[in-house]
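**Student:** Dropping the structure in here first, questions after.
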Amino acid sequence: MINSFVTALQKLPAHQPCIIDEGQVLTVNQLLEKAKDRLYNSEITPQKHLILEGLSPLNFIIALLAFDGQVDSIQLKPATLSYPASLILNKNQTIQRPSETRWLLATSGTTGTPKLIEHSFESLTQKTLLNRTQGQKLIWGLAYDTYRFAGLQVILQALLGGSQLAIPASSCFADQIQSWLSARVNALSATPSLWRKLLMDSRIKSLNLQQITLGGEIVDQTILDVLAANFSEARIVHVYASTEAGAGFSVKDQQAGFPACWIKNTASGVDIKINNNQHLLIKPSTLAQGNFLQERLTEDGYLDTEDLVEIRGDRVIFLGRASGAINVGGNKVSPEYVEACIRQVPGILEACVYGKSSSMMGQLVAADIVISREADSQSLRQLVMQHCQEHLTPWQRPISLRFVDNLNLTSAGKKDRKNP
């Protein structure tokens, strides 16, 4: 069993290109040499618990290669996430080293306090595709924060799958797109919210994308159809994955949700169930660890993902996070459902729905909206209100509409409903 990042990378041809960083191309051997130097020049012991924070994407990858398999645990701390004190372990804490390094990642904290989840190299790579004949044809662009689960998945898939990984020189959105164009990126993974933002920049359509991956949020039929129309040669895959559940399953038929028949068999690659609360339950072959996760395990070993789903015909459709519902006078409102309704209005490019505090109702529904340049905000306001009146219940309808130039996204590429 391969149980470390460096051991897995050593199986690739030494002179194979693997990283594109500011126009410089690094081979597998050059990357491994940098990791070797990093380890040699460090003062670590096998019992060390390391916290990685503030590194550039390239130095982040080098550090992971250098220390995975050499220390007890590595904690990835995104700069944009403020941990509660209880989440950060003592940097000098001595722990009995297990057979392999523990990778500690924080949940996004989108709908609550972030939790620390413990992964192994095996659980992080259980769905990594190792078809290197196909992998060599791909150049992946890095759109996610490297410290997040999704970013780590792109890094592992690109490098271990025999592809190249193009690292953007800047965190500036416009510069990222230009760096992907310069590197001739043809594979890209992003949340639906990030894809909608990317499609607002006409330059993204110049990429000759062969592989498109979506995940992290509800993938509706509209975004799938738009991507298919703009990138007709691309293989479009919706990946169900999370920091807690790991890489769950992939949907490749360009249809929203997933086949209902997967509930009765293991065609998806994992066991799937739906409980009485309409929560999706899955049983990955290798499960992450943590006290937080143990509380969500059923007696028969299924993990409650806390994602709400509904069977519609032959499909299972995602409705949103159970913990993300807006409570309007005791009525639960799914922000994602309201957003999908608002996006049906012509001229609306994107929407972010969130709860506003109300002394009478607890919360009320509000929405930030991005419109096309040629649209008139005043007439659109009336159209949105009328559309919501016709298609939503009274407690689902937004009481406040705010037109904005852009929506705030978290470093995980998801809508920031806490600070819209």
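**Student:** Grab the beta carbon distance between Ser56 and Arg184, set R0 = 25 Å, and tell me the FRET efficiency rounded to 0.05. Could you put the intermediate results ahead of the total?
**Tutor:** Numbers: r = 22 Å, r/R0 = 0.87.
Calculated value: 0.70.
**Student:** To the nearest 10 square angstrom, how much accessible area does Leu152 have with a 1.4 angstrom probe?
**Tutor:** Only protein atoms counted, so the area is about 0 Å².
**Student:** Further question: Using the heavy atoms of the protein chains alone and a 1.4 angstrom probe, what is the accessible area of the chain per residue in square angstrom? Each step should come with its number before you reach the end.
**Tutor:** Values: 19300 Å² over 420 residues.
Each residue of the chain exposes 46 Å² on average to a 1.4 Å probe.
**Student:** Using a Debye calculation, one point per C-alpha and no hydration shell, please list log10 I(q)/I(0) for region 289-420 at q = 0.15, 0.17 Å⁻¹ in order.
**Tutor:** -0.81, -0.98
**Student:** So, one more: Have a look at Val25, Ala35, Leu156 and report the one farthest towards the positive end of the charge dipole of the chain, computed about the Cα centre with Cβ charges (Lys/Arg +1, Asp/Glu -1).
**Tutor:** Of the listed residues, the answer is Val25.
**Student:** While we're here: Please compute the modelled spin-label separation between Arg203 and Thr286, points set 7 Å along Cα→Cβ, answer in nm with one decimal.
**Tutor:** Inter-label distance under the simple model: 3.8 nm.
**Student:** With axes computed from alpha carbons, what is the tilt in degrees of helix 28-40 against the longest principal axis of the chain, rounded to the nearest 10 within 0 to 90?
**Tutor:** 70 degrees
**Student:** Ordering Ile139, Ile282, Ile311 from largest to smallest accessible area (1.4 angstrom probe), what's the sequence? Don't skip to the answer; put the middle values down first.
**Tutor:** Numbers: Ile139 30, Ile282 0, Ile311 95 Å².
Highest to lowest solvent-accessible surface, that is Ile311, Ile139, Ile282.
**Student:** For mean projected area of the Cα convex hull in nm², one of (i) 18.6; (ii) 21.3; (iii) 28.9 was computed from the structure I shared and the rest are decoys. Which label?
**Tutor:** Identified label for the calculated read-out: (ii).
**Student:** Turning to a different aspect of this structure: For the chain, find the longest principal axis of its Cα atoms and tell me its angle to the long axis of helix 173-183, 0 to 90°, nearest 10.
**Tutor:** Tilt of helix 173-183: around 50 degrees.
**Student:** If the chain between Asp405 and Lys418 were fully stretched, how many nm would it gain, using 0.36 nm times the residue separation less the Cα-Cα distance? Numbers along the way, then the final one.
**Tutor:** Working: separation 13, 0.36 × 13 = 4.68 nm, distance 1.79 nm.
Length difference between fully extended and current span is 2.9 nm.
**Student:** With both partners inside the chain, how many of the DSSP beta bridges are antiparallel, as a percent to the nearest 5? Don't skip to the answer; put the middle values down first.
**Tutor:** Details: 45 of 73 bridges.
Around 60 percent of the beta bridges assigned by DSSP in the chain are antiparallel ones.
**Student:** Which one, Ile369, Trp103, Phe231, projects farthest toward the positive side of the charge dipole computed for the chain from Cβ point charges (K/R +1, D/E -1)?
**Tutor:** Value computed over the given set: Phe231.
**Student:** How many angstrom lie between the Cα centre of region 28-82 and the Cα centre of region 328-404?
**Tutor:** What the calculation gives is 44 Å, centre to centre.
**Student:** Between Gln294, Gly329, Ala260, whose Cα lies farthest towards the positive end of the dipole of region 199-330 when Lys and Arg beta carbons carry +1 and Asp and Glu beta carbons carry -1, centred on the Cα centre?
**Tutor:** Highest projection toward the positive end goes to Ala260.
**Student:** With a 1.4 Å probe and every protein chain kept in, tell me what percent of the accessible surface of region 360-412 is carbon plus sulfur. Write down the numbers at each step before the final one.
**Tutor:** Details: 1570 of 3170 Å².
Whole-percent figure for carbon plus sulfur exposure: 49.
**Student:** If you average the sequence gap of Cα pairs under 8 Å that are 6 or more apart and divide by the length of the chain, what percent do you get for the contact order? Could you put the intermediate results ahead of the total?
**Tutor:** Details: 820 pairs, mean separation 46.0, N = 420.
Worked out over the chain, it gives 11 percent.
**Student:** Relative to the longest principal axis of the chain, what angle (0 to 90°, nearest 10) does the C-alpha long axis of helix 149-160 take?
**Tutor:** 50 degrees
**Student:** Further question: Quick one: putting +1 on the C-beta of Lys and Arg, -1 on the C-beta of Asp and Glu, what dipole do you get for the chain around its Cα centre, in Debye to the nearest 20?
**Tutor:** Values: 39 positive and 38 negative charges, 27 e Å.
That gives a dipole near 140 debye.
**Student:** Please report, as a whole percent, how much of the solvent-accessible surface of region 142-181 comes from carbon and sulfur atoms (probe radius 1.4 Å). Mind showing how you got there, number by number?
**Tutor:** On the way: 510 of 1000 Å².
Here it works out to 51 percent.
The values are calculated or read from the model by the stated rules, or taken from the named source; none is laboratory data. Nothing here was measured: the structure is a model prediction, and the numbers come from that model. Cβ atoms come from the backbone with ideal geometry, glycine included; neighbour counts cover every protein chain shown. Keep in mind that these areas ignore ligands, DNA and RNA; they rest on the heavy atoms of the full protein, side chains included. Shrake-Rupley method; radii C 1.70, N 1.55, O 1.52, S 1.80 Å.
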